[in-house]
Every structure is written in structure tokens, then in C-alpha cells.
1. When segment 296-340 is examined, which residues are found to be within 14 Å of the ligand (Cβ to nearest atom) and in a loop (DSSP other than H, G, I, E, B)?
2. Within the group Asp307, Asp247, which residue is closer than 19 Å to Pro443 by Cβ and outside the structural domain of Val413 (by TED's automatic domain parsing)?
3. Working carefully through the options Thr349, Thr335, Thr320, find the one that is within 15 Å of Leu224 (Cα to Cα) and more than 29 Å from the chain's Cα centre (by Cα).
4. From the set of residues in segment 249-265 that are within 14 Å of the chain's Cα centre (by Cα) and more than 16 Å from the ligand (Cβ to nearest atom), which is farthest from Ala239 (Cα to Cα)?
5. Conditions first: (1) more than 13 Å from the ligand (Cβ to nearest atom); (2) part of a loop (DSSP other than H, G, I, E, B). Thr382 passes all but one, so which condition is the exception?
6. Between a residue in segment 436-455 that is polar (S, T, N, Q) and any residue that is away from the ligand (no atom under 16 Å from the Cβ), which pairs come within a Cβ distance under 8 Å, given they are 6 or more apart or on different chains?
7. Just checking, which of Ile270, Ile184 is of a type in the set (A, V, I, L, M) and either closer than 30 Å to Leu364 by Cβ or in the same structural domain as Val330 (by TED's automatic domain parsing) (or both)?
8. Residue under question is Leu389, and the condition is that it be within 11 Å of the ligand (Cβ to nearest atom), of a type in the set (A, V, I, L, M, F, W, C), closer than 19 Å to Thr349 by Cα and touching a Pro at 6+ places or on another chain (Cβ under 8 Å); does it hold?
Amino acid sequence: MKYFPLNIELNKKLILLVGGGEVAERKLDLLVKAKAQVIIMSPTFTDYLQTFSKRAELTFVDSEYKTSILDEYKFSFVIAATNNEDLNKKIAKDANEKNILVNVVDRPEICDFIFPSILERGPVTVSVSTGGASPVLARMLRTKLETSIPGGYGKLAKIVSDNRVVVRKKFKNFKSNRIFWEEILNSKFVDLVLSGQEGAAEKFLEKEIENFDENKKSEGEVYLVGAGPGDPDLLTFRALRLMQQADIVLYDRLVHPDIIELVRRDAQKIYVGKKRDQHTVRQDEINQLLVKYAKEGNRVLRLKGGDPFIFGRGGEEIETLLDQNVTFQVVPGITSASGCSTYSGIPLTHRDYAQSCIFVTGHLKDGKLDLNWEKLIQPNQTIVFYMGLVSIKIICNKLIEYGLDKNTYCALVQQGTTQNQKVFATTISLMPDMVEKEKPEPPTIFIIGNVVKLREKLNWFSAD
Ligand SMILES: C[S@@+](CC[C@H](N)C(=O)[O-])C[C@H]1O[C@@H](n2cnc3c(N)ncnc32)[C@H](O)[C@@H]1O
């Protein structure tokens with residue numbers, strides 16, 4: 001993060017704006033809105049700027065910029081908005097020497113701070129910044145947000161703000177305060193405000209404040225959520241919603257760091273990931289932790305890679321929750337077979353090549369892989385091995401031994417759907433050597449069958 005987002009109250013702060021043209025107009029509009037005291041300095045001013053000349057909080061100085069002005073007043077910050085590049089640079093240098101923050105219009109590389117693109121809904125302000133990379137992109141994103149944040153949010157924020165102190169005084173506990181507002185903002189209160197029924201909304205809120213019992217032990221819940229194979233865009237809407245409201249998160253090794261970033265910031269995050277043969281937290285301990293945290297009244301997010309019910313031990317976790325009478329909900333995720341095959345241009349079924357597809361675990365038990373090999377080798381069937389990297393030699397040899405043509409196509413997909421995705425495609429007789437040589441990095445999924453031939457034509461995703 002190059003620029004730290006910060007909201008500053010400018011009411012009565014003194015700002016120097018150098019420039020009298022169109023660029024200065026835009027900046028002055030913003031500063032006036034924020035009720036700042038502004039000295040605006042330039043030998044000439046546009047007609048628009050002159051319309052502001054009678055305002056008490058603005059001082060127009062009819063002159064070229066002079067360094068001495070920085071000593072005459074105590075400025076909170078300076079904006080260089082002239083059309084003279086060299087002068088703008090000089091203003092930045094002067095301000096830096098005097099330890100005053102400076103913004104130079106359109107020159108992010110010499111700015112101490114930049115102005116984000118802003119969307120306003122009453123007291124709600126959403127600011128979008130691209131770190132100076134592209135103001136046009138920031139404006140485009142703001143326009144997108146405009147359509148999803150209706151004007152009524154301003155009124156909503158106002159009613160909430162008017163009642164904040166009352167609620168804070170009523171509930172001693174900080175957590176009750178938060179839970180109260182979360183419940184209200186997920187209730188019909190929001191619909192009432194957004195549909196213009198503010199009176200009814202305020203009555204509803206009053207009643208809820210009256211009736212809310214902070215000593216009532218809130219019932220905890222577990223959300224067992226599939227986070228998909230890696231690309232955060234593959235999360236479901238429900239997954240994202242629950243991720244934003246959880247109090248505690250228990251997450252696995254396979255959950256991509258970019259996905260963890262989307263979890264509510266102040267949620268407690270606990271890593272319970274396992275590596276092969278290296279169980280950080282044992283499964284039964286995880287099950288018990290889920291029960292414990294939920295019984296303490298928390299909303300516990302159990303975040304798993306892919307889909308929780310596909311080689312994810314999700315079934316075991318909810319069995320324990322059921323036994324212990326803990327409420328839960330399960331959210332499916334895109335399983336890695338599906339994500340990896342899609343992002344590698346390999347359809348798992350295809351009218352000409354495969355009418356069925358089977359998901360198998362390649363996880364070794366006591367160094368062995370005990371599978372029904374005949375059943376796997378069916379004509380026109382795609383086989384997908386999860387956890388098959390370590391056992392790849394055994395898998396390929398066994399399939400050949402049980403009669404699969406040694407020239408059958410196969411692909412090993414490394415870290416599918418992410419920017420580290422790599423696809424190693426060859427035949428099953430050559431795959432073990434390829435793995436030996438290329439050393440793919442886990443996690444990997446192994447797809448076997450003639451559908452792999454299609455990759456040459458259908459490959460569409462290219463990782464960085
Ligand atoms: C314990 S299983 C969990 C599977 C998960 N529940 C799912 O639905 O994808 C772990 C295996 O999933 C596969 N896997 C998960 N994410 C992957 C990814 N992004 N790329 C390739 N394989 C992945 C690997 O085979 C890994 O060894």
C-alpha cells in the first residue's frame with residue numbers, strides 16, 4: 001500500500017492552494033465542501049474562482065507564488081495546481097523543506113498525498129484510489145459503486161449516527177454494541193429507510209433498542225465455507241457475506257492469502273492448516289475448537305480450500321457440530337478439479353471423449369495406494385486424482401498395469417486458477433519423468449483421459 005487512506009477533518013484548517021485556473025477550480029470546490037480555510041494564490045483567477053471571492057473562509061492573494069508565504073502562515077498542507085510544471089516542482093520542494101505536506105496536481109511521484117475519487121452519500125464517503133496510477137480508472141470504479149450504493153444510504157447513515165450515542169450508553173459491552181448494529185443493518189430497518197419510510201424505520205429502531213437484551217447469551221454458529229481453488233473471484237456471494245460477518249476464522253493451508261484478505265479485518269484468524277504428514281492441528285482438535293468457539297457465542301467461520309465436502313473432511317466437522325447441538329450452515333465452493341480443469345482448458349466431460357468423470361484420492365496410506373483400479377479404467381472416463389503428486393509414479397504404473405493405454409493423455413495442474421498456475425501435459429507413461437524433471441509445486445491435481453487433448457485448442461487462461 002503506497003498511500004495510506006485517512007479521513008481528515010478540514011473544518012478551520014488552513015490550506016494553501018497555488019493556481020488560478022481550471023485545475024485549481026476542482027480543488028477549491030472540494031476544499032470549500034470540507035469547510036477548510038483557504039489562501040488561494042495566483043496572478044489571475046478564472047471567472048468561476050472569482051465567484052468565491054466574497055466567502056469569508058477564502059483569501060484571494062493576487063500575486064505570483066512566493067516561498068515566503070510558507071513562513072507567514074501555518075498551513076496544514078499545500079496544493080500546487082498551476083499550469084507551470086517548474087513552478088509546481090518548486091512549490092513541492094519548498095513545502096518539503098518546511099515539512100509541510102504537499103500535493104502536486106497530476107504528479108503523484110512528487111506528492112506526499114493524493115486525492116481519491118469520492119462517492120458521497122450523506123455522511124457516508126467512499127473513496128477510491130489507484131495510488132496515482134490512473135485517476136480515470138478510479139473514476140470508473142467510483143461510477144460502478146454509484147449504482148450499487150443507492151442515495152438512501154445517506155439517510156440510513158444519518159439515522160444510525162443520530163442513535164449511536166443512545167445505543168452506546170445503553171449497552172455497556174463493546175461487543176453488544178457491534179452485534180446490535182449488525183443485526184439492525186441486516187434487518188427490515190434498512191429496507192424501510194431505502195424505500196423512503198423513515199418514520200417507520202425510526203420507530204422500528206426505537207423498539208429494537210428498547211428490547212435488545214445484551215445479557216442474552218447470543219447463540220454461536222459455525223459457517224463451513226468452501227473458498228474455492230485459489231482465485232478470489234471464484235468465491236460465492238454467500239461465502240463472501242459470511243466471511244465479512246464472522247468473529248473467528250479457522251482456515252486451512254489451501255486457502256489462498258488473497259482470500260484471507262477478504263475476511264472481516266478484526267476477526268480473529270487461526271491457522272489450522274495441515275501439510276502432508278505434518279498435522280499442525282489434528283482433525284478432532286479442529287472439530288472441538290469449532291464447538292468451543294460457537295458455544296462461547298461466536299460466529300465461527302471454518303474456511304476450507306475448494307469444496308468442504310470433496311476430500312475436505314467437512315462431513316466429519318458437521319457431524320461433531322450436530323452431536324453437540326451447534327447450529328451451522330455449509331456453503332459449497334468450487335472444487336479444485338473443476339477450477340483447475342476449467343483454467344487449463346480441459347473440459348472434464350466432452351461428447352467425443354468422456355461421458356463420465358471420477359474423482360479419486362491419491363493420498364498414500366502406509367506408503368500404499370489401495371484403489372479399485374479396474375473401476376477407474378473405464379472407456380471414455382476422465383480420472384481426476386486429488387493429492388496425487390507424491391504418488392504419481394504409483395498411479396501411472398498401476399493404471400498401465402491394469403490395462404490403460406500407456407499413450408493416454410494426462411495433465412498435472414500446479415496451483416490451478418492462481419497466478420502460479422502451470423500445466424504439465426504428456427502421456428501417462430512419460431508423466432513420472434516429467435515430474436522428476438520439472439518438480440511441480442503443490443498443490444497439484446492430476447487429470448487423466450483423452451479430454452486432455454482438447455487443451456491445445458481450448459487453453460484460454462495464462463498465468464503471469
Ligand atoms: C485435502 S484436498 C482438498 C480438496 C478440496 N476440498 C477441493 O474441493 O478442492 C487437497 C488437494 O486438493 C487439490 N488442490 C486444491 N487446490 C488446488 C489448486 N489450486 N491447484 C491444484 N490442486 C489443488 C490438491 O490435489 C490438493 O492436494
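The values are calculated or read from the model by the stated rules, or taken from the named source; none is laboratory data. Being a predicted model, the structure only gives us computed values, none of them experimental. Here the Cβ positions follow ideal geometry from the backbone for every residue, glycine too, while neighbour counts run over all protein chains shown.
1. Hits for segment 296-340 are Gly305, Asp307, Pro308, Phe309, Ile310, Phe311, Gly312, Arg313, Pro332, Gly333, Ile334, Thr335.
2. Asp307
3. The match here is Thr320.
4. Arg265
5. Every listed condition holds for Thr382 apart from (2).
6. Sorted first by the residue in segment 436-455, then by its partner, the pairs are Asn450/Tyr353; Asn450/Ala354; Asn450/Asn380; Asn450/Thr408; Asn450/Tyr409.
7. Matching residue, one of Ile270, Ile184: Ile270.
8. no
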